[in-house]
Structures are given as C-alpha cells and as structure tokens.
Amino acid sequence: MKSKNIFITGLLMLLPAVSMAQENIQRAFDALRQSKDIKEVSARHSLDKDPDTGMMEGLEDTFDFTIRNSNARRLVDDIRKAFQQDEPEAYNVSSGTHGSNENYVSLAVGNSNNGGVAIGLMQGSKWIYACFLDPEDSLRQHRYAYALEWVDDGDKIRGRIAKTYATTLKFRQSRHQSRTITVNGKNIKLSGSGFSSGDGFTWSGFSSDDKSSEIWLTEFNTYKNLFLKNPNGAAANSYANQIYKLCKNAKSLEDVEKNMVATEILKLRKKTNDEFIQQLFDMSVERLKK
C-alpha cells in the first residue's frame, strides 16, 4: 500500500503555515481556532504521505464552529478580508449563497479517491473558497484549497473553515479515463464533465472501489435521470439495478452525501408501481445506512 493515513489532533496548528500566496487566510484561520470565544462543534484532521519519500500527498483540516459572542463575529469578517487580500495569488476563487443539498461544492483531498470536503450544504449559508498552487511542486500538479462557510442566525453564527491539499482538477481530468455504459445495445459515455444520453447500461472494466465521491455522484445522477425518463419502461429495471449496485459500495461518500442520495432514491420509488424496483430502492437506502 503506497500511502498511509495519519489522523492527528490540531493538525492545522502543528503544521507550518504555507507562506507566500495564502498567508493571510492561514493567519485568519489560526486566529479563529485559537479564540476562546469560539465553540468547536466538530473537527476532522487527516494527513496522507508517501511512505517512501515522506512527501505529503493529501491533507484535510476541517473545523466546524459556533460563535455567540458578538465581539467574536469579527473573526469571520477577518477571514473574508483575508480571502480578498490573497485572491490575486489564487488560480481559482469561487463564492456562493443559499447552500443546500442541490447547491454545494466538494473540495478534493489527495487524489480525490477518498471523497472530499463539502462546502455549501448549510441551508441559507454563504461560502467562499480559493485554490493556490503548491509553491514546492515544480510540476504544478498539487494545490492547497481554503474554504469558509457560515450562516448568521442573528444570535449566533454557525460555520466551517476547511483546508485541503490535493492534485489540481486539471491534473485529475488529464488522468481520468472515460467509462462506457452499455444497455440494450446502446452506449453511454461518462466522464467527470457529464455523459451522453442513451438507454440502459451495465458497467465493465472498473470496480466500485475505483470511484471517488465525485464520480460516484455523477454516475448516480446519470442513472437517476435516465430512470425518470421512463420509470415504467423496459430499461427501468436496469437503471434501478445499477443504483442498487452503487449503493452497495458507497464508502467514498460523506454522511451528508449519503442522506442526499437516500432522499433522491425515495423520490424515485414514488415514480414506479413495480414492486421489484421498489424493493431495490428500499434495499439501496438500507445499504447507504451501513
């Protein structure tokens, strides 16, 4: 096994801050986490290194918090200002509002095979993230990503800050292999950017262990949309079977993503009167709970 995962407490505090491009954001993140006026709701820290070279391959540092002290609200404003200060050095900056299960982004970790950090799932939230190339990577294949999401409820602020290290999207896309689904003699090609329409499918040449959360969700959305075209048609059973196969191995998904998928499957169940397909969807939801 090439890599190993190391989970440590306070990883963001222990690792030296990446100087240069994103130093203002890092400093603002540190100030928020060190503040006594911040209540930690949850945190996740992971580091992935190549055991042979000791080089970092993946990093996640996610911190969910609550602010009730009115004076501490400035810490969120300071982070927002830090994003503005460091923005000229970022190669990708994005922001949005009104988070929901249908409108969120996932920041890759490592080579993205182990899922990512969800930003934008808090209902009514505002969020921003920025990506910076790793200055120590001469091949320009790796990047740091920083994100802030928050909801101002009036009497308190709920939020999340996150830092991840991964290969760049451009690099992952260059290595991405196209996949073909064949159903009833017709082919559907899927990639990270979408799929071409068609009917019915069975996967070949790839195991479910190959799927990152992004690919998993792309496949599920493909099957869902094709099923909805004709929920009582001849190919509906094939689509339902593919959804069930996906749900049998959904370990790359975060809990919030599994809940989102389960909700969508229950909507699909209502579209058909076929008892066998309904049972497949019920089993799919049960698999997601494991």
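I'd like the residue in the stretch 117-139 that is hydroxyl-bearing (Ser, Thr, Tyr) and not in a strand (DSSP E or B) and, out of all such residues, is nearest to the chain's Cα centre (by Cα).
Taking the candidates together, the pick is SER125.
Restricting to the stretch 237-286, give me the number of residues that are more than 28 Å from VAL117 (Cα to Cα), of a type outside the set (S, T, N, Q) and out of contact with any helix residue (DSSP H, G or I) (no Cβ under 6 Å at 6 or more places or on another chain).
Total satisfying the criteria: 5.
If you take the residues in the stretch 17-54 that are exposed (fewer than 15 other Cβ atoms within 10 Å of the Cβ) and farther than 28 Å from THR66 by Cβ, which one is modelled with the lowest pLDDT?
Ranking the qualifying residues of the stretch 17-54, first place goes to SER19.
Scan the stretch 232-267 for residues that are among the hydrophobic types (A, V, I, L, M, F, W, C) and touching a Leu at 6+ places or on another chain (Cβ under 7 Å) and jot them down.
Of everything in the stretch 232-267, those that are among the hydrophobic types (A, V, I, L, M, F, W, C) and touching a Leu at 6+ places or on another chain (Cβ under 7 Å) turn out to be ALA240, CYS247, ALA250, VAL256, VAL261, ALA262.
How many residues are open to solvent by less than 40 Å² (accessible area, probe 1.4 Å), touching a Leu at 6+ places or on another chain (Cβ under 9 Å) and part of a strand (DSSP E or B) when one looks only at the stretch 55-73?
7
Can you find even one residue in the stretch 74-82 that is touching a residue at least 24 places away in the same chain (Cβ under 8 Å), more than 15 Å from LEU32 (Cβ to Cβ) and either more than 18 Å from the chain's Cα centre (by Cα) or surrounded by fewer than 22 Cβ atoms within 10 Å (Cβ to Cβ) (or both)?
No, there is no match, as no residue in the stretch 74-82 is touching a residue at least 24 places away in the same chain (Cβ under 8 Å), more than 15 Å from LEU32 (Cβ to Cβ) and either more than 18 Å from the chain's Cα centre (by Cα) or surrounded by fewer than 22 Cβ atoms within 10 Å (Cβ to Cβ) (or both).
The values are calculated or read from the model by the stated rules, or taken from the named source; none is laboratory data. Bear in mind the structure is a predicted one, so any value in this text is a computation, not a measurement. Note: ideal-geometry Cβ built from the backbone for every residue, glycine included; neighbour counts use all protein chains shown. Note: areas computed on protein heavy atoms with side chains; ligands, DNA, RNA excluded. Shrake-Rupley method; radii C 1.70, N 1.55, O 1.52, S 1.80 Å.
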